[in-house]
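**Student:** Structure in structure tokens, see below.
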């Protein structure tokens, strides 16, 4: 009897169901792909000769970006615990990356809301454009290369939309 209890206690936990791993990777990839699509939205043409129109266009752009990043963080936070080794870490890194990207964009939105001068609009546009353009879409996926997340992502249809997760 003691031998049976010891053998049971020492046996490894069963691997999670492969379909659960693929399903989790698929949900995670959908969020990352959607966030990537939002971040790929080009900066609108800003005509500083019309500061009101420029401010309106830039504010709408910043709203779309920050709302998309907020949605990504909410969706990642709502994911069930990952059955994939390293999945929770990948989700945490992605959510933190999106939060970090959102913070300066939120700040730029606040500056635009509080100021209407052409100078401020030009300054915000000058700061936002390079920041968004320089975004490396692999950053939210730091640490996933060669991991179990990548392995299961290869089987998840939504991950086709995220080249950085495709091994």
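**Student:** To make sure I understand, if each residue's beta carbon is the centre and we count other beta carbons within 10 Å, what order do 65, 48 fall in, fewest to most?
**Tutor:** Fewest to most other Cβ atoms nearby, the residues stand as 48, 65.
**Student:** Another one. Please arrange 152, 24 by counting, for each residue, the other beta carbons lying within 10 Å of its beta carbon, fewest first.
**Tutor:** 24, 152
**Student:** Right, another one. Could you work out how far apart the two model spin labels at residue 48 and residue 80 are, taking each label as a point 7 Å from the Cα in the direction of the beta carbon, and quote it in nm?
**Tutor:** With each label placed 7 Å out from Cα toward Cβ, I get 5.3 nm.
**Student:** Multiply the residue separation of residue 145 and residue 41 by 0.36 nm, subtract the distance between their alpha-carbon atoms, and state the gained length in nm to one decimal.
**Tutor:** 34.9 nm is the gain from fully extending residue 145 to residue 41.
**Student:** Another question about this same structure. When N is the residue count of the chain, what does its C-alpha Rg come to as a fraction of 2.2 N^0.38 Å?
**Tutor:** Taking the Cα Rg and dividing by 2.2 N^0.38 Å, one obtains 1.38.
**Student:** Say R0 is 35 Å: what FRET efficiency, to the nearest 0.05, do residue 88 and residue 60 get from their beta-carbon distance?
**Tutor:** E(calc), rounded to 0.05, equals 0.50.
**Student:** Still on this model: As a footprinting exposure proxy, order 101, 43 by other Cβ within 10 Å, with the fewest listed first.
**Tutor:** In increasing order of surrounding Cβ atoms, one gets 43, 101.
**Student:** Given the DSSP H assignment, sum -39500 (n - 2.57) over each helix run of at least 4 residues in the chain and divide by its residue total; what's the result at 222 nm in deg cm²/dmol, nearest 500?
**Tutor:** Computed mean residue ellipticity for the chain: -22000 deg cm²/dmol.
Taken together, the values in this text are just the output of simple stated rules run on the coordinates, not laboratory data. From a predicted model like this one, the values you see are computed outputs, not experimental measurements. Neighbour counts are summed over all protein chains in view; Cβ atoms, including those assigned to glycine, are modelled from backbone coordinates with ideal geometry.
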